[in-house]
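Report on one structure; see the data block that follows.
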Amino acid sequence: MGAFTELQAALAANKTVLFLTVLEAEDGPARSGDRLIAVEGRPVWSSLEPQVTEQLMSAALADAAAIKSGPRTVQLESGEKLLCFLQLFNPPPRLIILGGGHVGAALSRMAALLDYEIVVIDDRPSFASPERHPGAHRLICNDFVKALAELRPTSSDYIVIVTRGHRHDRICLEQALERPAAYIGMIGSRKRVREMLEDLARSGFDREKLAAVHAPIGLDIGAVTEGEIALSILAEITAVRRSGSGQEPIQEEVLAELAALEQQGGRAVLATIVSALGSTPRSAGTRMLVYPDGRISGTVGGGCGEAAVRREALLVMEAARPRLLNLDLTADTAAEEGMACGGRMKVFLEPLAYS
């Protein structure tokens with residue numbers, strides 16, 4: 001099984017995956033383009049020698065919680081230095097929607113466009129039905145307290161409290177505050193929310209945790225309808241999720257084509273943004289395929305920057321040697337080309353040929 005087929009399978013199984021590519025290597029046991037894949041902290045695929053794989057795993061996982069998409073220099077025991085590109089893919093986070101009413105239904109439908117595992121909880125069968133929530137991965141018709149105890153929320157979960165009344169909202173919030181979560185949001189008017197949070201503080205709940213609750217829920221976009229409220233909630237959750245993460249979501253269509261190339265044969269150049277500084281159109285981890293006829297799949301941001309990557313990729317294909325391309329999109333250059341963004345990107349151009 002090839003590297004991208006292995007990556008595709010691991011991601012489909014909702015596993016935590018470390019994907020490492022060697023960008024530059026001195027003379028030694030590693031070459032530019034070598035790869036390493038680890039699933040749940042265990043190497044499952046490598047084009048490197050076993051001892052090099054072990055050393056790279058040790059270096060990469062030394063601070064796994066802090067891994068962001070980007071380059072990292074690793075020195076092997078032999079003294080050789082490798083410039084590597086690391087990406088950590090985590091399973092899709094859960095979006096736990098407490099309340100299957102009008103807002104909950106709009107939220108589950110809209111969230112189906114994003115990469116969340118959607119769980120809807122309501123204690124009324126007609127409000128926890130697949131007809132009402134066609135995009136939900138799991139529907140739970142049960143008491144809110146029992147359902148949350150069964151789910152055991154973690155620090156990667158996003159909890160949205162949109163039940164049918166303030167009494168149920170409070171019960172859900174009390175339970176949510178007892179568990180870790182990336183986000184807790186509760187619907188309600190400012191007055192009602194303020195009164196509830198103050199009462200919970202007097203009851204002994206930690207004021208710091210209460211201050212972190214997003215209530216009233218959602219970004220202030222003047223939302224009125226259920227759909228607009230759902231949009232404001234998802235916008236706020238996205239802002240929390242992506243804030244400072246530096247992580248670029250996997251481009252599934254590009255990964256599918258990479259796996260197909262491995263399995264069916266073919267040629268292309270894989271362009272991967274390995275670092276991005278300033279106001280660049282896409283982040284580190286973005287990939288684009290360039291085929292021999294100039295056709296592309298995916299994008300590294302469009303415009304003249306993408307055109308330059310495509311042009312250089314065809315030269316790399318002809319030379320059959322990988323290259324690290326420095327692309328200048330700084331303000332002056334961007335202005336001359338009529339671009340709306342600026343910054344600098346490093347793009348790894350890698351020729352792929354499968355027979």
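Below is a table of values for the structure above.
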quantity	calculated
Distance in nm between pseudo-label sites at Ala212 and His137 (7 Å out along the Cβ direction from Cα)	2.3
The range 1-57: GluC sites (Glu not before Pro) falling in loop per DSSP and having at most 13 other Cβ within 10 Å	Glu26, Glu40
Residue-span extension gain [Arg179 to Arg124] - 0.36 nm each, minus C-alpha spacing	17.4 nm
Helix-only [θ]222 nm of the chain, DSSP H runs n ≥ 4, -39500 (n - 2.57) each, per residue, nearest 500	-10500 deg cm²/dmol
At R0 = 30 Å, FRET efficiency that the Cβ-Cβ distance of Val224 and Asn14 yields, to 0.05	0.25
Length released on extending from Arg241 to Ala62, taking residue separation times 0.36 nm less the Cα-Cα span	62.1 nm
Integer Hz, Karplus 6.51/-1.76/1.60 couplings in order for the range 222-233, x for Gly and Pro	x, 4, 10, 7, 4, x, 5, 5, 4, 4, 5, 5
In degrees, nearest ten, helix 190-202 long axis to first principal axis of the chain (Cα)	90
Nonlocal amide H pairs with His214, under 5 Å, H built at 1.01 Å	Ile184, Gly185, Met186
Estimated dipole of the chain in Debye, rounded to 20 [Cβ of Lys and Arg +1, of Asp and Glu -1, Cα centre]	840
Glu318/Ser297 FRET efficiency (R0 22 Å; Cβ-Cβ; nearest 0.05)	0.70
Using θ = phi - 60° and Karplus 6.51 cos²θ - 1.76 cosθ + 1.60, couplings along the range 298-315 (whole Hz; Gly, Pro as x)	x, 7, 10, x, x, x, 5, x, 5, 4, 5, 5, 4, 5, 5, 5, 5, 5
Net charge of neighbours whose Cβ lies under 13 Å from the Cβ of Arg190, counting Lys and Arg as +1 and Asp and Glu as -1	0
Among Ile296, Ile237, Ile221, residue whose mean-square fluctuation peaks in a GNM of the chain (springs only between Cα atoms under 10 Å)	Ile221
Cβ-placed point charges (K, R +1; D, E -1), dipole of the range 12-78 about Cα centre in debye, nearest 20	380
Cβ-derived FRET efficiency at R0 35 Å, Glu253 paired with Asn326, nearest 0.05	0.85
All lysines inside 25 Å of Lys146 as judged from Cα atoms, apart from same-chain residues fewer than 8 positions distant	Lys209
Isotropically averaged projected area of the chain, using the convex hull of Cα atoms (one quarter of hull area), nm²	21.4
Cross-link partners of Lys68 among lysines (Cα-Cα below 23 Å; sequence separation of 8 or more within a chain)	Lys15, Lys81, Lys346
Stretch gain in nm, segment Arg31-Asp199, where the contour uses 0.36 nm per residue and the Cα spacing is subtracted	54.3 nm
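FYI, it's all coordinate maths here, none of it is from the lab. Bear in mind the structure is a predicted one, so any value in this text is a computation, not a measurement. A quick note on method: Cβ atoms are made from the backbone with ideal geometry, for glycine too, and the neighbour counts reach across all protein chains shown.
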